[in-house]
Structure formats: structure tokens, C-alpha cells
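Below you will find the structure I want to go over with you.
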Amino acid sequence: MFESRNKEELITEIKEGFTEREVYVPRILGMDVLLALLEHGENLRIIILPPSIFAQTSQRVRDYLERARVSLRKGDISVGRPSRYTEQDTREITRLLRERTPITEISRTLKIPRRTIYYLMEKEGIAPDKKA
């Protein structure tokens, strides 16, 4: 697993060499990073990317990996800032909405911005009454 999130540090880390068949890369896989991986990882067979980055991987990189016979897989570990609000917050918002509590009051009570409440509900597939 490579830890560097800065591209230059990541390439330096890769150039130090590695023997793993499977590596986790926590950033967008550009051609420069890909070429370094293929050049310095003689046993490399699988590259794992975070879910959001996996979706952003270019077709050019995917095609190159296919020709190099290296698999690209979507990992389970997300990158980025962790959510500030828990599932418990979402459940509490849902409960208050079912009780027809106005969004403004929910916001004040839970100290969660109104816009964030709408975002969390949209993410959960719940459509609160915007007039509330």
C-alpha cells in the first residue's frame, strides 16, 4: 500500500521498488504514476483504487493496464474528509421529519445547517417537505 497523496512523493515511493503483486494507490492514476508502477513493480498484477477515484480513471489508463495484463479494482476504502454527521444524526433527522418538525427547528435543535439536512436526506433518498 502506498501512503503518499502527493504525486511526486508517490512516484518517489514507487521508484524505491516494491515486490507486491497487489498495490493500493490512494490518488488518481495518471500515466506518469502508472508507468512508474509498471516499471518498478515486476510482480504487479492488481492495482486497487478508492471507489471515487476508480470511477474517475481514464479509458486510456484502463486500456494501457489491460495491455500490460494488470487488473484495476475498486477498493473499499474511501478517501477524503470523513463525514461529520453519523447515521444516528440521519436517523434523528428522519424521526423529526416524520413528526413534521420544521427543518429550521431541526437545524437549531441538532446544530446542523439546513442545507446539510437537505443533503443528508437526499443522500438517504428521503424527500423532506421544503416548506417545513
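The values are calculated or read from the model by the stated rules, or taken from the named source; none is laboratory data. Note that the structure is predicted; figures quoted are calculated from it, not measured. Cβ coordinates were reconstructed from backbone atoms using ideal geometry, including for glycine residues, and neighbour counts include every protein chain displayed.
Restricting attention to region 53-98, which residues are among the hydroxyl-bearing types (Ser, Thr, Tyr), surrounded by 15 or more Cβ atoms within 10 Å (Cβ to Cβ) and touching a Ser or Thr at 6+ places or on another chain (Cβ under 8 Å)?
Of everything in region 53-98, just one residue is among the hydroxyl-bearing types (Ser, Thr, Tyr), surrounded by 15 or more Cβ atoms within 10 Å (Cβ to Cβ) and touching a Ser or Thr at 6+ places or on another chain (Cβ under 8 Å), namely 85.
Kindly evaluate residue 26 against the criterion of being assigned to a loop (DSSP other than H, G, I, E, B) and closer than 25 Å to residue 117 by Cβ.
Considered against the rule, which asks whether it is assigned to a loop (DSSP other than H, G, I, E, B) and closer than 25 Å to residue 117 by Cβ, residue 26 comes out as no.
Inspect all residues belonging to region 13-29 and state whether any of them is modelled with pLDDT under 90 and among the polar types (S, T, N, Q).
Checked against the condition, which is being modelled with pLDDT under 90 and among the polar types (S, T, N, Q), region 13-29 yields no hits at all.
Next up: Quick one: is residue 92 within 30 Å of residue 22 (Cα to Cα), without any contact (Cβ under 8 Å) to a residue 24 or more places away in the chain and assigned to a helix (DSSP H, G or I)?
no
If only one of 81, 60 is among the charged types (D, E, K, R) and either in contact (Cβ under 8 Å) with a residue 60 or more places away in the chain or outside any loop (DSSP other than H, G, I, E, B) (or both), which one is it?
Just a single option satisfies the conditions, and that option is 60.
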